[in-house]
Amino acid sequence: MSALVLTGADYSVYARIARMALVQKGLDYRFDECDVFEEADRVALRKRHPFGKIPVLEHAGKTVIETQAILRYIDAVFPDKPLFPREADDVARSEQAISVIANYAYPCLVWQIFVPWYRAQDEDSSRAGDGRPIDESVSEMAMTCQTVLDGLIADTSWFSGRVFGAADAYVYAVLAYFRCVPWGLAACGGYPNLNAWFSLARNQPGPVATPYPREARRAE
Ligand SMILES: N[C@@H](CCC(=O)N[C@@H](CS)C(=O)NCC(=O)O)C(=O)O
């Protein structure tokens, strides 16, 4: 079998989605670290990803960019343990969850809430506070994202249907950062379905094998 090589960073949300998917499918892969905040790595990355993003997958002489395309590709090449459902209700839930994460939750929960809190912590942890957003519209967006995800997961164990799949990896990668923020973790308490899902998901092989450095530090 040709080697699967994933380029990414251990702190990256999208690289983690791809890594979780590979682990859930039981596929061996090599993880090549690329720090998108380092100039030399960014220059090298642009040769493979025209938009300078991670992850990038290499397999059998092909380069695949964009996380959803990577997941679809590995599902097509390795059909065992599918990441994407086929039943209509599951397809609707899974696609909605992925779209909500990519378009609304990742920018809001990660970039507008987790990253500012994390950076403030690094500068002076006593002044970082609980991470509550100053801008009310950001809190509202965070609530809307959680309300929608909580509704999607109300009558089923997994966003992808019968097993932890692509949609679960998307939701997990974002919520794992959001829940590092004290205000985020407290806010999660108001969404029982999502909370129950997170408790199940955190013990799945993908999430267990790919902790963010921030989470690994907390567990020490
Ligand atoms: N649409 C891309 C998004 C990937 C993405 O935003 N990756 C982030 C890391 S989580 C990145 O490479 N950021 C670097 C940058 O924006 O310069 C995908 O689905 O793969």
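Annotations for the structure displayed:
- Candidates PHE84, PHE51, PHE78: the one that is aromatic (Phe, Trp, Tyr) and in contact with an Asp or Glu (Cβ under 8 Å, 6 or more places away or on another chain) is PHE84.
- Count of residues meeting criterion [within 26 Å of ILE153 (Cβ to Cβ), assigned to a helix (DSSP H, G or I) and within 16 Å of the ligand (Cβ to nearest atom)] in segment 61-92: 8
- Sole residue being in contact (Cβ under 8 Å) with a residue 12 or more places away in the chain, outside the structural domain of THR147 (by TED's automatic domain parsing) and under 12 Å from ALA166 (Cβ atoms), chosen from LEU45, LEU22, LEU27: LEU22
- Output for segment 1-34, where each listed residue is among the aliphatic types (A, V, I, L, M) and more than 10 Å from the ligand (Cβ to nearest atom): MET1, ALA3, LEU4, VAL5, LEU6, MET20, ALA21, LEU22, VAL23, LEU27
- A single entry from ALA142, ALA128, ALA97 fulfils the requirement of being at pLDDT 95 or above, buried (at least 16 other Cβ atoms within 10 Å of the Cβ) and more than 30 Å from ARG30 (Cβ to Cβ): ALA142.
- When segment 50-60 is limited to residues that are more than 8 Å from the ligand (Cβ to nearest atom) and under 12 Å from GLY8 (Cα atoms), the one that is farthest from the chain's Cα centre (by Cα) turns out to be GLU58.
Residue by residue, here is whether (1) of a type in the set (Ser, Thr, Tyr); (2) surrounded by 18 or more Cβ atoms within 10 Å (Cβ to Cβ) holds:
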| site | (1), (2) |
| --- | --- |
| VAL56 | no, yes |
| THR67 | yes, yes |
| LYS81 | no, no |
| GLU87 | no, no |
| ARG93 | no, yes |
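- Residue match in segment 101-111 (condition: touching a Phe, Trp or Tyr at 6+ places or on another chain (Cβ under 8 Å) and among the polar types (S, T, N, Q)): no
- Residues that are over 15 Å from ASP89 (Cβ atoms) and either outside any helix (DSSP H, G or I) or in contact with a Ser or Thr (Cβ under 9 Å, 6 or more places away or on another chain) (or both), drawn from segment 132-162: ARG132, PRO133, ILE134, ASP135
- If the condition is being without any contact (Cβ under 8 Å) to a residue 60 or more places away in the chain and either buried (at least 16 other Cβ atoms within 10 Å of the Cβ) or under 13 Å from the mean Cα position of the chain (by Cα) (or both), then segment 112-125 contributes GLN112, PRO116, GLN121.
- Criterion (more than 19 Å from TYR118 (Cβ to Cβ) and in contact with a Leu (Cβ under 6 Å, 6 or more places away or on another chain)) met by exactly one of LEU194, LEU200: LEU194
- The residues of segment 175-202 that are of a type in the set (Lys, Arg) and more than 25 Å from GLY129 (Cα to Cα) amount to a single one, ARG202.
- Summed over segment 1-17, residues that are in contact (Cβ under 8 Å) with a residue 60 or more places away in the chain and assigned to a helix (DSSP H, G or I) total 4.
The values are calculated or read from the model by the stated rules, or taken from the named source; none is laboratory data. Being a predicted model, the structure only gives us computed values, none of them experimental. So basically every Cβ, Gly included, is an ideal-geometry build from the backbone, and we count neighbours across all protein chains shown.
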